[in-house]
Amino acid sequence: MRKVAAAVCLLGSVFFCRAADKESAFIGARGRYWAYQRVVRPAVPAAQSAWVRTPIDAFIQKQLSAKQLTPSAALDRIPLIRRVTYDLTGLPPTPGEVQAFLQDKSAGAYEKVVDRLLASPHYGERWASKWLDVVRYADTNGFELDQDRPNAWRYRDYVIHSFNRNKPYTRFIQEQIAGDEMFPGDKTALIATGYLRAGSEHVVSGNIDPAESRQEILTEIATNVGQTYLAMTINCARCHNHKFDPILQADFYRLQAIFAGGKGKEVKIATPAEKASFEAADAAYKKRIEPIQAALKDLAKPFADRIREERQAKLEPALLAALQIPKENRTAEQKTLAHNADAQIQPTWDEVVAVMPAEVKARRAKLREQLHAIELTAPDPLPKAYAFVDTGEPAPPSFILAMGDPHSPLDPVEPSVPRVIQANYAIPADVSHRRAALANWIASPENPLTARVMVNRIWQFRTGYGLVRTPNDFGAMGDKPANRELLDWLAAEFVSSGWSVKAIDRLVVTSNAYRQSSAPDDAKAAIDPENRLLWRINRKRFDAETIRDAALSVSGTLNPQIGGRPVRNPIEPEVYDLIFTESERDGLWPVSPDKAVRNRRGIYLYNKRSVRLPLLAAFDQPDAITSCPVRPVSTHALQALSLFNSSFMQGVSQDFAARLEQSCGKNQSCQVNTAWQLALSRAPRKSESKLAQSFFRSGGTLPDFCLALLNRNEFVYVP
């Protein structure tokens, strides 16, 4: 770096020379931190026992042996297929799949199961649920209005299909950061840029400074890119040089400058046939709904007029006089006065409804019911990509900002990647190629962070914890790798595999390390209490959506449809009343009318940042305000109450019971055995069968029995 600085000096820029020297001095020893060093594939340790099946096992055993530890026993077949099925698809294995695995005595029986799961369309759904947590995807903007993003779901589907198709991770990166630049005309790549808009966006018409709004958007993008692909907390350098990592304040604004020539835009992607079909359906819809809307307005008009007249009579003389002047004859001052007067006399819907007689309210309620029913038949709008694209204009200059304030610019900066790992990589000044250059730099095998960060996420999702337990922070204040050699070997293998996520997933789940039991061992825990060396597999509780999906699957009511618009399930009236008012549009939470649609997987549920379904919130579903690389796992009384008393669990228990009756009739022994096979993938033990029969003899009902079974810890934990 000092050579670069010297070259700049020779060009005559004394200021630049001094600045470069200061930056080099700041980076200094910080830049030699392990995470910023190039990945070098380590040699695989020699196998010390027959336990070593894969290179992963060799690295694990090496560290265990150094601490006089041994691996835990292998899982039996039933908990093993249950573990790998939940890990790779988020759904339980069917009794038929379990039985087939038990009967397959071939040497590659387990590998067959793994390959089947990797080929399942539910694999992409499971991976997408993890990825969307990291990029904080939601179907709304957030903040006080939390408005809908009607086309954002296409990015969610893009992620699902990308993982299912085993898209090379490099291409996945390129499409999300610069799909429009690198693959023009490719609708899928255009949709992928929705990644850059996945975070919250402050949209308050007329009430926000455009410069502040733009700066918020650029900050969101730079933060997301830094955390997602590089595990760099670059946002900590917004107001000053990073306190712990070799990240300059200038780096933060240089990275922002790469995106300065772009903007969020909803781009039409409909075909001519889709346009013609929509226009016909929309015309028919308007013909149905407009008479109802007109009737509602006519019903409210006399009451609204009365309120306006009463308030108008109380206006100050100057306001009243201005209001009575025809609009076309008003002066500028009179326009302002008239606008203020109109605001004072205009009633809200709540106020209009409050003065309606009971019989009028009843007529209005019937009209609203008709309106809601018609709204549910609205044709899907024409497809658009919720995208980020170049503006086609020169990018405005970028500056370091004092305390992040766009109105307090300091030194100018040019687009660039963080200096500590840039390796003299240049971002072009041409606006239309900046993001492409960034995407190529992140997707380069020379980048020391990209492959490490992704394989660490894969390891985390399969074993419960990453080799680095702070997946979004590989910096000095983050966790140090528990097994640096294994991390680097996996990163090198990832690159060698063509950046194949499925290849690394397969490698991990077919290792003996992954197949270990999760049973605790006090003697081993005394040596390695946090299980950093992986002498057993960490037991994992289902995340919120998996609890819901598993219950639906066991009850036989899960809708396996892949992709599509978000699904709205009913919300409690108390929640509805907290977030919506009469003054807002009718049909504020239009519940999907078809129960089969409402029974789709959790990843397809409408994700509003300011509203979470109580059952999912109780089990730590993130709010999508910030990145969530690791979901918290809390334990509190509300979880037990939700699993036992929520309307969802009560309903799914009824469906589970109906499934058992359809399979077994009134044969209680069959019902008990089948219930255990469906919910827990095994036969009940004798003591469990006796307890179940005792429950029925005492008057217990089949739905209550099903509910109790779904409340077992064994049901909500991965073995």
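The values are calculated or read from the model by the stated rules, or taken from the named source; none is laboratory data. Everything quoted here is computed from the prediction, not taken from an experiment. Cβ placement follows ideal geometry from the backbone for every residue including glycine, while neighbour counts extend to all protein chains displayed.
Some notes on this structure:
- Residue identified as assigned by TED's automatic domain parsing to the domain that holds residue 182 and either of a type outside the set (Asp, Glu) or in contact with a strand residue (DSSP E or B) (Cβ under 8 Å, 6 or more places away or on another chain) (or both) among 435, 462: 435
- Residue pairs whose Cβ atoms lie under 6 Å apart, sitting 6 or more positions apart in sequence or on different chains, and linking a residue in the range 288-313 that is farther than 10 Å from residue 347 by Cα to a partner that is of a type in the set (D, E, K, R), are 299/364.
- With respect to the stated conditions, residue 359 fails to be among the acidic types (Asp, Glu), in a loop (DSSP other than H, G, I, E, B) and over 30 Å from residue 267 (Cα atoms).
- Complete set of residues in the range 99-119 that are under 11 Å from residue 84 (Cβ atoms) and either part of a loop (DSSP other than H, G, I, E, B) or basic (Lys, Arg) (or both): 116
- Residue within the range 506-521 that is surrounded by fewer than 19 Cβ atoms within 10 Å (Cβ to Cβ), over 26 Å from residue 83 (Cα atoms), charged (D, E, K, R) and not assigned by TED's automatic domain parsing to the domain that holds residue 424 present: no
- Leading residue by the ranking (surrounded by the fewest Cβ atoms within 10 Å (Cβ to Cβ)) among those in the range 233-251 that are in a helix (DSSP H, G or I) and either charged (D, E, K, R) or without any contact (Cβ under 8 Å) to a residue 12 or more places away in the chain (or both): 236
- Residues of the range 125-152 that are part of a helix (DSSP H, G or I) and more than 25 Å from residue 79 (Cβ to Cβ): 128, 131, 132, 133, 134, 135.
- Any hit, the range 511-529, residues being assigned to a loop (DSSP other than H, G, I, E, B), in contact with an Asp or Glu (Cβ under 6 Å, 6 or more places away or on another chain) and hydroxyl-bearing (Ser, Thr, Tyr): yes
- Only a single criterion out of (1) within 19 Å of residue 416 (Cβ to Cβ); (2) touching a Phe, Trp or Tyr at 6+ places or on another chain (Cβ under 8 Å); (3) assigned to a helix (DSSP H, G or I); (4) of a type outside the set (Phe, Trp, Tyr) is not satisfied by residue 215, namely (2).
- From the options 660, 680, 702, 709, residue that is modelled with pLDDT of 95 or more, surrounded by 16 or more Cβ atoms within 10 Å (Cβ to Cβ) and in contact with a Lys or Arg (Cβ under 9 Å, 6 or more places away or on another chain): 680
- Taken over the range 392-412, the criterion of being touching an Asp or Glu at 6+ places or on another chain (Cβ under 9 Å) and either farther than 13 Å from residue 238 by Cα or charged (D, E, K, R) (or both) is satisfied by 398, 405, 407.
- Search result, residues across the range 88-126 that are among the hydrophobic types (A, V, I, L, M, F, W, C) and closer than 27 Å to residue 172 by Cα: 88, 91, 113, 114, 117, 118, 119
- Residues in the range 252-277 that are touching a helix residue (DSSP H, G or I) at 6+ places or on another chain (Cβ under 6 Å) and part of a helix (DSSP H, G or I) were compared, and the one that is surrounded by the fewest Cβ atoms within 10 Å (Cβ to Cβ) is 256.
- Selected residue (criterion: farthest from the chain's Cα centre (by Cα)) from residues of the range 25-83 that are among the hydroxyl-bearing types (Ser, Thr, Tyr) and either surrounded by 13 or more Cβ atoms within 10 Å (Cβ to Cβ) or over 30 Å from residue 519 (Cα atoms) (or both): 65
- In the set (1) among the hydrophobic types (A, V, I, L, M, F, W, C); (2) under 28 Å from residue 296 (Cβ atoms); (3) surrounded by 11 or more Cβ atoms within 10 Å (Cβ to Cβ), the condition left unmet by residue 322 is number (2).
- Residue selected from the range 539-571 under the condition in a loop (DSSP other than H, G, I, E, B) and within 23 Å of residue 98 (Cβ to Cβ), by the criterion nearest to the chain's Cα centre (by Cα): 543
- Residue, nearest to the chain's Cα centre (by Cα), within the range 375-409, restricted to residues that are surrounded by 17 or more Cβ atoms within 10 Å (Cβ to Cβ) and of a type in the set (Val, Ile, Thr): 389
- Qualifying residue in the range 631-641 (condition: within 30 Å of residue 195 (Cβ to Cβ) and surrounded by 14 or more Cβ atoms within 10 Å (Cβ to Cβ)): yes
- When the range 410-469 is filtered for residues that are buried (at least 24 other Cβ atoms within 10 Å of the Cβ) and hydroxyl-bearing (Ser, Thr, Tyr), only 450 remains.
- Among the residues of the range 423-431, not a single one is at pLDDT 95 or above and either in the same structural domain as residue 261 (by TED's automatic domain parsing) or in contact with a strand residue (DSSP E or B) (Cβ under 9 Å, 6 or more places away or on another chain) (or both).
- Taking the criterion of being assigned to a helix (DSSP H, G or I) and surrounded by fewer than 20 Cβ atoms within 10 Å (Cβ to Cβ), the residues of the range 683-699 that qualify are 686, 687, 688, 689, 690, 691, 693, 694, 695, 696, 697.
- Counting the residues of the range 448-497 that are assigned to a loop (DSSP other than H, G, I, E, B), of a type outside the set (Gly, Ala, Ser) and in contact with a Phe, Trp or Tyr (Cβ under 7 Å, 6 or more places away or on another chain) gives 6.
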